[in-house]
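Here is the structure we will look at, set down as C-alpha cells.
The values are calculated or read from the model by the stated rules, or taken from the named source; none is laboratory data. Keep in mind that this is a model prediction, so the values were computed, not measured. Here the Cβ positions follow ideal geometry from the backbone for every residue, glycine too, while neighbour counts run over all protein chains shown.
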C-alpha cells in the first residue's frame with residue numbers, strides 16, 4: 001500500500017518530529033541525571049529525580065512509542081518496505097530494543113524518584129544520578145539516525161526476491 005507523495009511527506013514530518021523529539025528528551029533526561037549525580041544539594045537531587053520520572057513517563061515513553069509506530073507506517077507505506085533492506089531491519093530492531101529497555105527501566109526510575117521524595121535531605125547524597133541508561137540510549141538513537149540518513153546498501157533475501165518480481169512484472 002503506497003502513500004501518495006503528500007501523505008508520505010506528512011507522515012515523514014510526523015515521524016521525524018517524534019524521533020528528533022525522543023533524542024532531545026533523552027538529552028534533557030541525561031542532563032538531569034548528570035545534575036543529580038554531581039550536585040551536593042539535596043533539593044537539586046530530589047528535583048532532578050522527580051523531573052526524570054516525569055520526563056521519562058510523559059515525554060520519552062510516548063515519543064519512543066510514537067517514533068516506533070510512525071517508522072513502521074513509513075516503511076510499510078513506501079517502496080523501502082519493512083523487510084527489504086538491512087538498514088531498516090537494524091533500525092527497527094534497535095528502536096524496539098530501545099523502547100523495551102526504556103519501558104523496563106522506567107519503574108526503577110519511579111522507585112528512585114519515590115525514594116528522593118520520601119528520604120530526608122541528609123541521606124539524598126548517595127542517590128546519585130541516572131547516567132548509564134540514558135547515555136547508552138542516546139548513543140543507540142544516534143546510530144539509528146545515522147542508519148536512516150545514510151541508508152547503507154544491502155537488501156535482504158526477501159527484498160531481493162520482491163525486487164526481482166517487480167522487475168519481471170514491469171517488463172513486457
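For segment 112-121, state whether one or more residues are under 30 Å from residue 53 (Cα atoms), part of a helix (DSSP H, G or I) and either at pLDDT below 90 or within 17 Å of the chain's Cα centre (by Cα) (or both).
yes
Looking at segment 124-139, which of its residues are more than 18 Å from the chain's Cα centre (by Cα) and surrounded by 12 or more Cβ atoms within 10 Å (Cβ to Cβ)?
Selection gives 124, 125, 127, 128, 129.
Sort out which residues of segment 74-103 are part of a helix (DSSP H, G or I), surrounded by 15 or more Cβ atoms within 10 Å (Cβ to Cβ), in contact (Cβ under 8 Å) with a residue 40 or more places away in the chain and more than 9 Å from the chain's Cα centre (by Cα), and write them in order of number. Lay out the reasoning, then the answer.
Initial filter on segment 74-103 (part of a helix (DSSP H, G or I)): 74-76, 86-103.
Going one step further and asking which of them are surrounded by 15 or more Cβ atoms within 10 Å (Cβ to Cβ), we end up with 74-75, 86-92, 94-95, 98-99, 101-102.
The next check asks that each one be in contact (Cβ under 8 Å) with a residue 40 or more places away in the chain; those that pass are 74, 86-87, 89-91, 94-95, 98, 102.
Scanning segment 74-103 gives 74, 86, 87, 89, 90, 91.
Tell me the residue from 54, 69 that is closer than 30 Å to residue 120 by Cβ, assigned to a helix (DSSP H, G or I), in contact with a helix residue (DSSP H, G or I) (Cβ under 9 Å, 6 or more places away or on another chain) and modelled with pLDDT of 95 or more, please.
54
Can you find, within segment 15-25, the residue that is surrounded by the most Cβ atoms within 10 Å (Cβ to Cβ) among those that are within 11 Å of the chain's Cα centre (by Cα) and within 14 Å of residue 65 (Cα to Cα)?
22
Determine whether residue 38 is out of contact with any strand residue (DSSP E or B) (no Cβ under 8 Å at 6 or more places or on another chain) and either at pLDDT 95 or above or under 30 Å from residue 152 (Cβ atoms) (or both).
Values: out of contact with any strand residue (DSSP E or B) (no Cβ under 8 Å at 6 or more places or on another chain): yes; either at pLDDT 95 or above or under 30 Å from residue 152 (Cβ atoms) (or both): no.
Spelling it out, it is not the case that residue 38 is out of contact with any strand residue (DSSP E or B) (no Cβ under 8 Å at 6 or more places or on another chain) and either at pLDDT 95 or above or under 30 Å from residue 152 (Cβ atoms) (or both).
Please specify each residue of segment 48-73 satisfying the condition of being more than 13 Å from residue 103 (Cα to Cα) and touching a residue at least 40 places away in the same chain (Cβ under 8 Å).
Passing the criteria: 48, 49, 50, 52, 66, 67, 70, 71, 73.
If a residue must be surrounded by 11 or more Cβ atoms within 10 Å (Cβ to Cβ) and either in a helix (DSSP H, G or I) or at pLDDT 95 or above (or both), how many such residues does segment 140-172 contain?
Residues that pass the stated criteria total 16.
Of the conditions (1) touching a helix residue (DSSP H, G or I) at 6+ places or on another chain (Cβ under 8 Å); (2) loosely packed, with under 14 Cβ neighbours inside 10 Å; (3) outside any helix (DSSP H, G or I), residue 43 fails just one. Which one is it?
Exception for residue 43: condition (3).
Could you tell me whether segment 65-72 includes any residue that is surrounded by fewer than 17 Cβ atoms within 10 Å (Cβ to Cβ) and under 21 Å from residue 108 (Cβ atoms)?
Yes, because at least one residue in segment 65-72 is surrounded by fewer than 17 Cβ atoms within 10 Å (Cβ to Cβ) and under 21 Å from residue 108 (Cβ atoms).
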